[in-house]
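Shown next, in structure tokens, is the structure this report addresses.
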Number of protein chains: 2
Amino acid sequence: MTGSRAGDYRILHEAALRDYLAGLPEIVALLGPEPVSWSISEVGDGNLNLVFIVKGDRGGVAVKQALPYVRLVGESWPLPLSRAHYEYLALSRQAGLAPSLVPALLHHNETLALTVMELLEPHIIMRKGLVAGAQYPRFADDITTFMARTLFFTSDLALTAAAKKDAIAAFAGNHALCKITEDLIFTDPYRIAEQNRWTAPYLDALAADLREDMELHVAVSRLKLKFMASPEALLHGDLHTGSIMVTMSQTRVIDPEFAFYGPMGFDVGAVLANLLMAYFASAGHERAPGERQAFEAWVLETVEQVWNEFARKFLDLWRSEARGDAYPASLFPGEKGAARLEIERLAYMQRLFTDTIGFAAAKTIRRIFGLAHNIDFELIEDLERRAVSEARAVRLAREMMVETAAFRTIADVTAAARKLRPWMPELSG
Amino acid sequence: MTGSRAGDYRILHEAALRDYLAGLPEIVALLGPEPVSWSISEVGDGNLNLVFIVKGDRGGVAVKQALPYVRLVGESWPLPLSRAHYEYLALSRQAGLAPSLVPALLHHNETLALTVMELLEPHIIMRKGLVAGAQYPRFADDITTFMARTLFFTSDLALTAAAKKDAIAAFAGNHALCKITEDLIFTDPYRIAEQNRWTAPYLDALAADLREDMELHVAVSRLKLKFMASPEALLHGDLHTGSIMVTMSQTRVIDPEFAFYGPMGFDVGAVLANLLMAYFASAGHERAPGERQAFEAWVLETVEQVWNEFARKFLDLWRSEARGDAYPASLFPGEKGAARLEIERLAYMQRLFTDTIGFAAAKTIRRIFGLAHNIDFELIEDLERRAVSEARAVRLAREMMVETAAFRTIADVTAAARKLRPWMPELSG
């Protein structure tokens with residue numbers, strides 16, 4: 001599946017891409033035999049890459065090509081093409097562990113940093129659906145299966161220490177992508193940084209508060225250190241609702257180019273954070289008070305399900321598939337051993353919950369004060385209303401990051417969110 | 001310095017070693033121009049390798065060659081020669097960070113898994129000195145400099161995340177040596193395992209207690225997971241008093257073939273554990289009651305100094321040399337930021353202390369119930385006296401591992417040790 005390494009990287013725009021794909025028999029078989037008739041459109045709305053949808057008589061494919069710089073910023077911010085290799089590697093492993101929850105891989109060319117994948121149709125980016133107030137009945141079950149399986153089976157609970165070390169090393173080279181996270185999520189929002197932005201002037205005072213809040217800086221620094229030095233499992237690494245495509249009956253996780261071995265709570269926290277942001281943004285999308293009540297109730301219910309079902313599935317895997325070197329079964333023999341190990345499993349999940357809450361908070365704050373924002377908030381046109389929604393999300397995030405121990409269960413989180421829904425913050429300006 | 005990769009590995013016994021060294025001009029210059037006159041003696045008393053001392057008219061060198069199996073067990077337990085590469089790599093880094101505290105590297109041949117080093121003379125293995133009741137006035141200062149510098153400068157506090165990930169990957173292949181630790185320290189002593197042994201029959205009941213002690217099994221499993229999945233810094237990985245050579249005025253750390261990126265507390269705990277074992281063993285080496293009181297007082301004082309001086313030096317480095325990506329200075333501006341960061345530094349050291357105490361306990365228990373014992377206890381000829389000393393050490397270790405939170409300072413550890421000195425355990429048999 002890996003294409004030739006010969007030849008140099010070049011950006012394939014429409015004509016060159018058509019020629020390239022026409023040379024791949026397996027792709028021609030999918031699209032139809034007349035390349036000139038294929039339609040090709042660039043649809044990338046992410047921050048980093050080119051994404052093409054190619055359609056022919058018989059069907060379509062999606063083509064993703066990495067650019068040697070950050071698309072959102074431009075050539076002034078170079079970014080290694082090797083990320084396409086790590087994305088391909090992660091997608092391959094995810095496909096083995098959760099095959100129906102990622103797009104099928106059709107072709108990969110390392111030199112061109114280009115991957116051809118199954119065209120997901122009629123799937124849409126989940127975040128767009130959430131902005132519109134759509135409810136996705138399959139989502140909680142699917143995303144928790146994805147997370148429980150990809151995290152458990154790449155952890156010390158499922159792998160030998162040797163296999164795990166090899167896997168860590170295989171992803172160690174993806175550090176340029178990790179650095180984006182380290183800077184943009186764990187550092188810049190808490191200090192003066194050129195690329196920061198927020199809903200000014202309304203959040204000016206809140207932004208200044210965050211920069212002065214040393215308890216928060218300690219908390220985010222601990223999370224950053226955990227992100228850098230806790231290779232617990234193979235993470236997706238960017239698991240927000242813009243990396244998830246959905247229909248009413250299907251869920252697909254895309255774009256694992258930030259994949260590396262890191263702390264599990266970072267992935268789980270990303271999902272929770274993005275649901276909580278959708279919840280707080282919802283008020284800003286109301287055209288009439290209470291209009292989105294059912295949606296908002298569903299979002300909070302989904303927040304609870306995401307943690308609870310993830311924990312349940314992860315624990316079930318641990319009980320039945322623990323072939324790794326951690327917590328060896330031989331140390332927990334008999335009924336007494338089994339009972340004690342079960343208590344430890346729950347304690348482990350409680351520690352993971354604490355991590356998750358902290359990472360969720362960090363993922364929220366970066367979307368409101370950092371470089372990359374999300375349409376949940378950005379599509380609220382009235383800036384004052386947008387700022388109200390954002391300030392509510394930030395207040396919860398600040399509590400989650402600094403008062404983490406106060407959140408013992410996911411119901412504590414949804415209760416706090418519900419309580420903040422009517423809160424009217426004092427805004428600047 | 002790295003020799004040719006051409007040719008196959010072969011074990012170099014005396015004659016072949018003489019020929020090999022005679023072909024190395026830099027070694028001939030050190031030893032003297034007449035290879036036939038060199039004396040060569042095999043002195044390896046460790047568990048894994050061949051070690052030769054080669055002396056000529058002008059001077060001497062030490063030569064270490066890895067065997068493709070565990071020397072202690074034999075060819076039935078193969079072990080990769082690549083450990084010589086990791087040892088060389090670790091020794092090079094340690095030499096850069098603590099140059100006067102490791103032997104000088106003179107020559108390395110990757111294919112032969114062979115390293116020629118400075119001959120440490122008249123240094124002796126520290127453990128032998130401790131058995132004899134010797135006090136080493138330089139030890140606490142030297143070993144804490146070694147640990148503070150090698151751990152700090154290879155951590156996220158000193159390195160960029162990218163450099164750290166590269167370094168983790170560079171040592172990831174040393175997993176066969178890590179597995180020895182995972183099995184022999186963190187697993188086997190707590191279950192029936194063919195290679196376990198203890199001072200029978202006196203410790204039979206205690207061995208059985210340990211195998212039934214589920215609180216201990218949870219604690220050691222958490223430590224094992226931390227050992228496998230917390231690459232905080234480049235560890236020596238086997239920092240017991242048999243890996244330290246001393247005179248009254250010098251300290252040299254040798255044999256870092258277990259080096260890998262792991263939790264810092266494992267190295268610090270190894271030093272503390274081996275001092276505590278020397279303390280408890282001392283009673284067994286007394287020929288008259290109280291004869292070794294001054295020695296024992298010095299050992300406990302050294303235990304305290306090792307932690308306190310390590311912590312002081314590590315904190316000093318953090319305050320002055322923190323160029324890593326963790327805890328970025330820009331998040332802790334001004335007096336308020338500096339004050340809050342200082343509090344966090346102390347909290348970080350407290351977490352590291354807790355890890356250290358746990359790892360010290362694990363390192364103790366393995367020496368009394370696992371495969372590899374140490375001469376501190378083994379040279380106590382009267383088995384009942386030996387068992388008494390061992391039982392005291394195990395009782396403290398069990399408290400340190402399970403009631404870790406009760407030990408807030410190193411003085412809590414030495415107080416507990418002092419209290420156990422006269423305790424007479426009930427023995428089996």
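Could you compute the FRET efficiency for B:LEU72 and A:ALA22, with r as their C-beta to C-beta distance and R0 at 45 Å, rounded to 0.05?
On the way: r = 63 Å, r/R0 = 1.41.
The formula returns an efficiency of 0.10 here.
Annotation for B:ALA415, label-to-label distances across the other copies: 3.9 nm (shortest first, one decimal, point 7 Å from Cα along Cα→Cβ).
Summarising the label geometry, the points placed 7 Å from Cα in the beta-carbon direction at A:GLU34 and A:GLU301 lie 5.0 nm from one another.
Rg and Dmax of the stretch A:108-253, both derived from C-alpha coordinates alone, stand at 18.9, 53 Å. With Cα atoms defining each centre, the stretch B:3-62 and the stretch A:18-73 are spaced 63 Å apart in the structure.
Closest approach of any chain B Cβ to the axis that rotates B onto A belongs to B:ALA169, 2, distance given in whole Å. Cβ crowding within 10 Å, taken as a proxy for footprinting-reagent exposure, orders B:ILE40, A:ILE143, A:ILE380 from fewest neighbours to most as B:ILE40, A:ILE380, A:ILE143.
Per the Debye formula on identical point scatterers at the alpha carbon atoms of chain B, with no solvent, log10 I(q)/I(0) at q = 0.07, 0.14 Å⁻¹ is -0.35, -1.34. 3J(HN,Hα) couplings calculated from phi for the stretch B:237-250 with the Karplus curve 6.51 cos²θ - 1.76 cosθ + 1.60 (θ = phi - 60°) are, in sequence order, x, 7, 8, 9, 6, x, 9, 10, 10, 9, 10, 5, 10, 9 Hz; Gly and Pro show x.
Apply the membrane-span-like helix rule to chain B: whole DSSP H runs, Cα extent along the own long axis of at least 20 Å, mean Kyte-Doolittle hydropathy at least -0.5. List the helices found.
Details: long enough: B:82-97 (23 Å, -0.44); B:214-229 (22 Å, 0.64); B:264-285 (32 Å, 1.12); B:293-321 (40 Å, -0.37); B:334-369 (53 Å, -0.05); B:383-402 (28 Å, -0.13).
Both cut-offs are met by B:82-97, B:214-229, B:264-285, B:293-321, B:334-369, B:383-402.
Taking every C-alpha pair closer than 8 Å and separated by at least 6 residues, the mean separation divided by the residue count of the stretch B:285-429 gives a relative contact order of 27 percent.
The residue among A:ILE375, A:THR251, A:SER155 whose Cα reaches farthest toward the positive pole of the charge dipole of chain A, with charges on the beta-carbon of Lys, Arg, Asp and Glu, is A:SER155.
Between B:ALA113, B:ALA205, B:ALA158, the GNM of chain B built on Cα springs shorter than 10 angstrom shows B:ALA205 fluctuating the most. Under 12 Å of direct C-alpha separation, and excluding same-chain neighbours fewer than eight residues apart, A:LYS313 reaches these aspartates and glutamates: A:ASP141, A:ASP142, A:GLU321.
Within 10 Å of each Cβ of B:166-177, how many other protein chain Cβ atoms are there on average? Mind dumping the intermediate values first?
Numbers: counts 4, 1, 7, 9, 2, 2, 9, 4, 2, 8, 1, 0.
For peptide B:166-177, the averaged partner shielding equals 4.
Just list whichever of A:LYS64/B:LYS164; A:LYS55/A:LYS128; A:LYS226/B:LYS164 have alpha carbons separated by over 20 Å in the model shown.
On the way: A:LYS64/B:LYS164 30 Å; A:LYS55/A:LYS128 23 Å; A:LYS226/B:LYS164 13 Å.
Over 20 Å apart, Cα to Cα: A:LYS64/B:LYS164; A:LYS55/A:LYS128.
Put simply, the amide H of B:LEU235, placed in the peptide plane, has neighbours under 5 Å in B:PHE260, B:TYR261, B:GLY262, leaving out anything fewer than 5 places away on its chain. Along the stretch A:48-63 the Karplus relation, 6.51 cos²θ - 1.76 cosθ + 1.60 evaluated at θ = phi - 60°, assigns HN-Hα couplings of 10, 10, 8, 9, 10, 9, 10, 10, x, 4, 8, x, x, 9, 10, 10 Hz to successive residues, with x for each Gly and Pro. Among residues other than A:SER100 whose Cβ falls under 14 Å from its Cβ, what is the net charge (Lys/Arg +1, Asp/Glu -1)? Here the charged neighbours net out to 0.
For the stretch B:109-142, the residues whose backbone nitrogen is under 13 Å from a point 7 Å from the Cα of B:SER100, taken along Cα to Cβ, are B:138-139, B:141-142. Remark: C-alpha extents of the stretch B:112-167 on the principal axes read 46, 34, 16 Å, sorted largest to smallest.
Dipole check for the protein assembly as shown: with +1 at the C-beta of Lys and Arg, -1 at the C-beta of Asp and Glu, and the Cα centre as origin, the magnitude is about 540 Debye.
Using +1 at the Cβ of each Lys and Arg and -1 at the Cβ of each Asp and Glu in the protein assembly as shown, identify which of B:ALA391, A:ALA140, B:ILE192 lies farthest towards the dipole's positive end. After comparing all options, I get B:ALA391. Here the extension length gained between A:LEU379 and A:GLU121 equals 90.5 nm, from 0.36 nm per residue of separation less the Cα-Cα distance. Taking all Cα pairs closer than 8 Å and separated by 6 or more residues, the relative contact order of chain B comes to 18 percent.
The calculated FRET efficiency for the pair A:HIS13 and B:ALA15, based on their C-beta separation and a Förster distance of 56 Å, comes to about 0.20.
What does the helix-only formula give at 222 nm for the protein assembly as shown: each DSSP H stretch with n ≥ 4 adding -39500 (n - 2.57), the total divided by the residues, and the result rounded to the nearest 500 deg cm²/dmol?
On the way: 30 runs with 441 residues, N = 858.
So the helix-based figure for the protein assembly as shown works out to -17000 deg cm²/dmol.
Annotation: the residues A:ARG386, B:ARG191, sorted from fewest to most other C-beta atoms within 10 Å of their own C-beta, follow the order B:ARG191, A:ARG386.
Ordered by the count of other Cβ atoms within 10 Å of each Cβ, fewest first, B:TYR86, B:TYR279 give B:TYR86, B:TYR279. When only Cα pairs below 8 angstrom with a gap of at least 6 residues are kept, the stretch B:202-296 shows a relative contact order of 25 percent.
Gap in Å between the Cα centre of the stretch B:303-341 and the Cα centre of the stretch A:199-270? Taking the Cα centre of the stretch B:303-341 as reference, the centre of the stretch A:199-270 is 26 Å away.
Throughout, read-outs are computed from the coordinates displayed, never taken from laboratory work. As the structure is a computational prediction, the values presented were derived from the model and not from experiment. All Cβ positions, even for glycine, are placed from backbone atoms using ideal geometry, and neighbour counts span all protein chains on display.
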